[in-house]
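Student: I have a structure here, written as structure tokens, and I will follow up with some questions on it.
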Amino acid sequence: MALVTTKEMFKKAYEGKYAIGAFNINNMEIIQGVIRGAKAKNSAVILQCSTGALKYAGPKYLKAMVDAAIEETGVDVALHLDHGPDFDSVKLAIESGFTSVMFDGSHYDYEENVQKTKEVVEYAHAHGVVVEAELGVLAGVEDDVVAAEHIYTNPEQAVDFVNRTGVDSLAIAIGTSHGAFKFPPDFNPQLRFDILEEIQSKLPGFPIVLHGASAVDPNAVETCNKYGGNIAGAKGIPVDMLRKAASMAVCKINMDTDLRLAMTAAIRKVFGDNPKEFDPRKYLGAGRDAVQKVVEGKIEFVLGSTNSLK
Ligand code: G3H
Ligand code: 13P
Ligand code: ZN
């Protein structure tokens with residue numbers, strides 16, 4: 001039981017044809033929901049913080065709560081910086097005790113992405129921290145940059161990028177997208193497994209990451225809307241496609257939106273069913289239980305990482 005890097009997790013996931021879930025954390029209830037879900041399924045897990053999460057809760061609070069979660073449950077956890085936009089954010093995360101960082105230079109031109117990623121890798125590796133980078137652009141919002149169209153990852157470029165930067169894992173664009181509103185309502189999402197296959201064959205054994213992989217459960221959306229929400233046209237990635245990706249070179253699957261929707265639906269329901277309720281433990285507790293349920297389902301049916309802990 002420890003705060004670990006993703007190295008061993010990814011090796012086992014690659015060989016075992018499953019993926020590790022990377023769930024975004026912002027507060028105590030989300031951390032507890034995720035770690036309890038992982039514990040219930042005896043699965044390793046990645047807890048990741050965006051720069052927005054670091055601003056909201058503060059790196060010291062997040063690290064201390066993650067330490068407490070590990071001590072209580074004994075689950076192997078990697079604490080990861082999600083979408084680090086620059087060297088300073090990476091440095092702050094490493095100084096705060098994170099074991100893994102993402103430097104997202106995907107919106108820079110290729111050579112700039114290589115150079116900036118390389119600097120991050122040198123610094124992180126010198127501190128015993130692993131690095132995820134990104135190549136290609138997901139449609140939707142990435143780091144406040146709105147991309148209208150996917151720029152699929154070029155497999156040749158992926159090989160060159162990995163060799164020149166020394167990154168430990170690579171996020172690729174094959175058709176996933178961030179947020180709840182990934183696609184137009186009548187659009188049938190497709191993942192480019194041909195690209196994933198080509199990257200896998202050119203970089204055997206190398207861990208690939210999928211961002212924007214929430215499935216957007218229609219029941220959670222319906223509950224939000226039934227209890228006063230207005231979330232229209234949300235659509236996610238089909239679960240069978242994610243499961244297939246997890247059985248290939250994809251070792252890390254990022255999900256945030258599904259936790260947000262589940263937590264919001266549960267909290268709205270508490271207020272809707274009992275307008276007199278004003279004890280935060282009642283509604284935040286319901287949100288925490290909903291997060292745990294989602295994480296257990298992801299581990300079982302999407303990631304395939306049940307019993308990945310020894
Ligand atoms: O990829 C983005 C994650 O969902 C984090 O979102 O920047 O609003 O915390 P956030
Ligand atoms: P979703 O918005 O699909 O949950 O993706 C989250 C993500 O990729 C975080 O980096
Ligand atoms: Zn992401």
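Student: Quick check: the distance between the Cα centres of segment 250-283 and segment 8-71, to the nearest angstrom?
Tutor: Here the two parts' Cα centres lie 18 Å apart.
Student: Rounded to two decimals, what is the ratio between the C-alpha radius of gyration of segment 80-188 and 2.2 N^0.38 Å?
Tutor: Here the answer is 1.09, to two decimals.
Student: Run through all the Cα pairs of the chain and give the fraction in each 10 Å bin from 0, expressed as whole percent.
Tutor: 6, 28, 38, 22, 5, 1
Student: In µm²/s, what is D for segment 165-310 at 4 °C and 1.567 mPa s, where D = kT/(6 pi eta Rh) by Stokes-Einstein and Rh is the Kirkwood radius from Cα pairs?
Tutor: Translational D for this selection: 78 µm²/s.
Student: Also, quick follow-up: Only loop residues by DSSP count here, and only those with at most 12 other Cβ atoms within 10 Å; note down the trypsin sites (Lys or Arg not before Pro) in segment 194-278 that meet that.
Tutor: 276
Student: I'd like the carbon and sulfur percentage of the solvent accessible area for the chain, probe radius 1.4 Å, heavy atoms only, ligands and nucleic acids excluded.
Tutor: 53 percent
Student: When a/c reaches 1.5 or more, the comparison of a/b and b/c decides; with that in mind, is segment 14-108 rounded, prolate or oblate per its Cα gyration tensor?
Tutor: Judged from the Cα gyration tensor, segment 14-108 comes out oblate (a/c at least 1.5, b/c at or above a/b).
Student: Just the ratio, please: alpha-carbon radius of gyration of segment 1-160 over 2.2 N^0.38 Å, N its number of residues.
Tutor: 1.05
Student: Taking segment 235-310, which chymotrypsin sites (Phe, Trp or Tyr not before Pro) meet the DSSP loop condition and have no more than 12 other C-beta atoms within 10 Å?
Tutor: Passing both the DSSP loop test and the Cβ count: 278.
Student: Here's something else I'd like to know. Could you order 250, 294 so the one with the most accessible surface comes first? Probe is 1.4 Å.
Tutor: Correct descending sequence by accessible area is 294, 250.
Student: If you average 1/r across every pair of different Cα atoms in segment 232-310 and take the reciprocal, what Kirkwood value do you get, in Å?
Tutor: About 14.3 Å for segment 232-310.
Student: Next question, about the same structure. From the P(r) of segment 140-248, can you give the percent of Cα pairs sitting at distances over 22 Å?
Tutor: Roughly 40 percent, rounded to a whole number.
Student: Can you give the FRET efficiency to the nearest 0.05 for residue 108 and residue 230, using r as the Cβ-Cβ distance and R₀ = 41 Å?
Tutor: 0.70
Student: Which whole-number percent gives the relative contact order of segment 1-87, counting Cα pairs below 8 Å spaced six or more residues apart?
Tutor: 42 percent
Student: Still on this model: Report the far tail of the P(r) of segment 157-212, meaning the percent of Cα-Cα pairs longer than 13 Å.
Tutor: 64 percent
Student: Let me confirm the definition first: pairs of Lys residues in segment 179-276, 8 or more apart or on different chains, C-alpha distance under 22 Å. How many are there?
Tutor: 13
Student: Out of all DSSP beta bridges in segment 13-168, what portion is antiparallel? Express it as a percent rounded to 5.
Tutor: 20 percent
Student: Mind checking the full-extension length gain between residue 91 and residue 56? Use 0.36 nm per residue of separation minus the Cα-Cα distance, one decimal, nm.
Tutor: 10.8 nm
Student: Which order do 198, 222 take when ranked by solvent-accessible area (1.4 Å probe, heavy atoms of all protein chains), largest first?
Tutor: 222, 198
Student: Next question. Computed over the Cα atoms of segment 55-124, what is the convex hull's projected area averaged over all directions, in nm²?
Tutor: Convex hull of Cα atoms, orientation-averaged projection: 5.1 nm².
Student: Also, I was wondering about something else. Straight-line reach from residue 282: which aspartates and glutamates have Cα under 19 Å away, leaving out those fewer than 8 places along the same chain?
Tutor: Qualifying aspartates and glutamates at Cα under 19 Å: 29, 273.
The values are calculated or read from the model by the stated rules, or taken from the named source; none is laboratory data. A quick note: this is a predicted structure, and the numbers were derived from the prediction, not measured. As a convention, Cβ positions derive from the backbone with ideal geometry for all residues, glycine included, and neighbour counts pool all protein chains shown. The accessibility values were calculated without ligands, DNA or RNA, using every heavy atom of the protein model including side chains. Shrake-Rupley method; radii C 1.70, N 1.55, O 1.52, S 1.80 Å.
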